[in-house]
Each structure stands twice: as C-alpha cells, then as structure tokens.
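**Q** My structure is below; once you've seen it, I'll send some questions.
The values are calculated or read from the model by the stated rules, or taken from the named source; none is laboratory data. Note that the structure is a prediction, hence the values are computed from the model and not measured. Cβ sites come from the backbone with ideal geometry, for glycine too, and all protein chains shown count toward neighbours. The accessibility values were calculated without ligands, DNA or RNA, using every heavy atom of the protein model including side chains. Shrake-Rupley method; radii C 1.70, N 1.55, O 1.52, S 1.80 Å.
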Amino acid sequence: SDLLMLYANKCDEDLINQKKDWWCWGVSQNERNLHIPRNTELAAFGLVGHNSGQKHDSLSFYAQAAKKLDKTIHVYWGMATAEWGFLSRDLMVQPVYCIEEQTAMMNACKVAINYESVEGMSGCWSYKLWQTMGCGTPTITRYKPEYNKMFDGALLSCNTELEARNLMSMLLHKNDAFWNSISKKSEEVVHDKYEWFTNFDRIMKERNLW
C-alpha cells in the first residue's frame, strides 16, 4: 500500500491494542534547553476538557503532594471548555497558551508534572513528557514499567503521593546536582532516541515507502 496512516497520540484506550504505526512521541529542534531563568517551580502542560476525569484525578494527586510542601502547581492548558471545579483552589490555572509559546514556558519551570488521560495502562503515554524532557526540564510522572528502559532513568516516576512529594522536594530544594544531572540527561536521551523525523524515516523505511 502507498497509504500510511500515522497516529501521533497513543493515549486512547480504544486504540492501544490495535496494530497501528505510531508516529511516536518525540521532539524536534524546537524543544531545547534555552538556559533561561526558571522562575516557576512546578508546572503542568496539556489539554483539559469537560470529559477529562482521569486528568482531573491525576492533577489532584499532584496538587495534594505539592500542597504539603506549601507549593502550587501552575497548569498551562489549551482547551477553553475546561471545568476545573474544586481543583481551582489547589492549582494556579494559567490562561490558554499558544503553541509558539510552549518551549519558552516549559523552559521557565524548574519541574514539570506529567498528567495523563489513561494513567493505569502501560503503553498509554502523554506526548507532553517528551516535550518537557526535551527542554531539559526534570519531569515527574506516575509509574509505568516501561518508562525506565524507554528513558534510561531520566524520567522520574512515582507510585504514591509521598514519593511524588519527595521527588518535588529533592528537585526544588535539596540537591542542585541531582536537578542538573536529570536536566542534562533528559534532554540528551529524548533527542538521541526520539527525534520526530528520525522516527518518521524509520517507519517509512520499514514499510518500504521510500
């Protein structure tokens, strides 16, 4: 066949077990460490709409961990129909952002929080974590067994609120060397293994389309 359909966002439970070619999560030269001041301590990025129940639950999990450190997560989102409800008390919800602003915003935070549509299923991933890591921003997410191999230990994962809180505390307060090492490794691993155009070239060659 000369027609290839590529899926770029593998976070839909109905699609996860189907055999598709995923133009997989990744980065380009746009997602880089800009070496600018990181004045926002904790930030999360992504769409939140009226059907985003699991994302709300995920954000609530991290918001409670941050609250016990007297910290607030800044949420940068891209859907005007979001219903924040009680979460608006525990999060600093920022205005909808333009995609052109995204790299600078991801560089301006010290720690990125990854919240997902389907947290409990291996193989369902949010592409935002590739982007924040590509910017050299240490990123915290809920544990999935494949993450360590995928990111060579550069992605920080947690199972419990206490673990999330400890990671936040280490990155924000206790260990500059730890933050620097994770920042450097995050950017290097993602750009080495997950460049958009390298992935696309691989898929096309595997399908004998060029």
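Condition check ((1) aromatic (Phe, Trp, Tyr); (2) in a loop (DSSP other than H, G, I, E, B); (3) at pLDDT below 90) across all residues:
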residue	(1), (2), (3)
Asn33	no, yes, no
Arg38	no, yes, no
Leu42	no, no, no
Phe45	yes, no, no
Val48	no, yes, yes
Asn51	no, yes, yes
Ser58	no, no, yes
Phe61	yes, no, no
Gln64	no, no, no
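**Q** Within the stretch 165-210, how many residues turn out to be touching an Asp or Glu at 6+ places or on another chain (Cβ under 6 Å) and either polar (S, T, N, Q) or farther than 20 Å from Ala108 by Cβ (or both)? So that I can check it myself, show each step before the final result.
**A** Step one: of the stretch 165-210, the residues touching an Asp or Glu at 6+ places or on another chain (Cβ under 6 Å) are 172, 189, 203.
Going one step further and asking which of them are either polar (S, T, N, Q) or farther than 20 Å from Ala108 by Cβ (or both), we end up with 189, 203.
Within the stretch 165-210, residues that are touching an Asp or Glu at 6+ places or on another chain (Cβ under 6 Å) and either polar (S, T, N, Q) or farther than 20 Å from Ala108 by Cβ (or both) number 2.
**Q** Here is a further query. Only residues that are over 10 Å from the mean Cα position of the chain (by Cα) and either free of Cβ contacts under 8 Å to residues at least 40 places away in the same chain or within 25 Å of Gln29 (Cα to Cα) (or both): list them for the stretch 107-122, please.
**A** Narrowing the stretch 107-122 to residues over 10 Å from the mean Cα position of the chain (by Cα): 107-111, 117-122.
Asn107, Ala108, Cys109, Lys110, Val111, Gly120, Ser122 - these are the residues of the stretch 107-122 that are over 10 Å from the mean Cα position of the chain (by Cα) and either free of Cβ contacts under 8 Å to residues at least 40 places away in the same chain or within 25 Å of Gln29 (Cα to Cα) (or both).
**Q** Is it the case that the stretch 68-88 has a residue that's modelled with pLDDT under 80 and closer than 23 Å to Lys185 by Cα?
**A** Step one: list which residues in the stretch 68-88 are modelled with pLDDT under 80, which gives 77-88.
Then keep just the ones that are closer than 23 Å to Lys185 by Cα; that gives none.
Among the residues of the stretch 68-88, not one is modelled with pLDDT under 80 and closer than 23 Å to Lys185 by Cα, which makes the answer no.
**Q** For the stretch 154-189, enumerate the residues that are more than 23 Å from Ala66 (Cα to Cα) and either at pLDDT below 95 or not hydrophobic (A, V, I, L, M, F, W, C) (or both).
**A** Lys184, Lys185, Glu187, Glu188
**Q** State whether the residues of the stretch 164-174 include one that is of a type in the set (Gly, Ala, Ser) and either under 19 Å from Ser117 (Cα atoms) or not in a helix (DSSP H, G or I) (or both).
**A** yes
**Q** Go through the stretch 123-163 residue by residue and tally those that are under 22 Å from Met106 (Cα atoms), aliphatic (A, V, I, L, M) and over 15 Å from the mean Cα position of the chain (by Cα).
**A** Looking only at that region, the number is 0.
**Q** Now for a separate question. Quickly run through the stretch 89-102 and pick out the residues that are outside any loop (DSSP other than H, G, I, E, B) and either crowded, with 18+ Cβ neighbours inside 10 Å or at pLDDT below 85 (or both). Steps first, please.
**A** Restricting attention to the stretch 89-102, the residues satisfying the condition of being outside any loop (DSSP other than H, G, I, E, B) are 89, 91-93, 99-102.
Those that are outside any loop (DSSP other than H, G, I, E, B) and either crowded, with 18+ Cβ neighbours inside 10 Å or at pLDDT below 85 (or both): Arg89, Leu91, Val93, Ile99, Glu100, Gln102.
**Q** Which of the residues belonging to the stretch 140-164 are open to solvent by 40 Å² or more (accessible area, probe 1.4 Å), of a type outside the set (A, V, I, L, M, F, W, C) and closer than 19 Å to Ala44 by Cα?
**A** Correct list: Arg142, Tyr143, Ser157, Asn159, Thr160, Glu161, Glu163.
**Q** Has the stretch 187-196 got any residue that is more than 18 Å from Glu31 (Cβ to Cβ) and either touching a Ser or Thr at 6+ places or on another chain (Cβ under 6 Å) or in contact (Cβ under 8 Å) with a residue 12 or more places away in the chain (or both)?
**A** First, pick out the residues of the stretch 187-196 that are more than 18 Å from Glu31 (Cβ to Cβ): none.
No, there is no match, as no residue in the stretch 187-196 is more than 18 Å from Glu31 (Cβ to Cβ) and either touching a Ser or Thr at 6+ places or on another chain (Cβ under 6 Å) or in contact (Cβ under 8 Å) with a residue 12 or more places away in the chain (or both).
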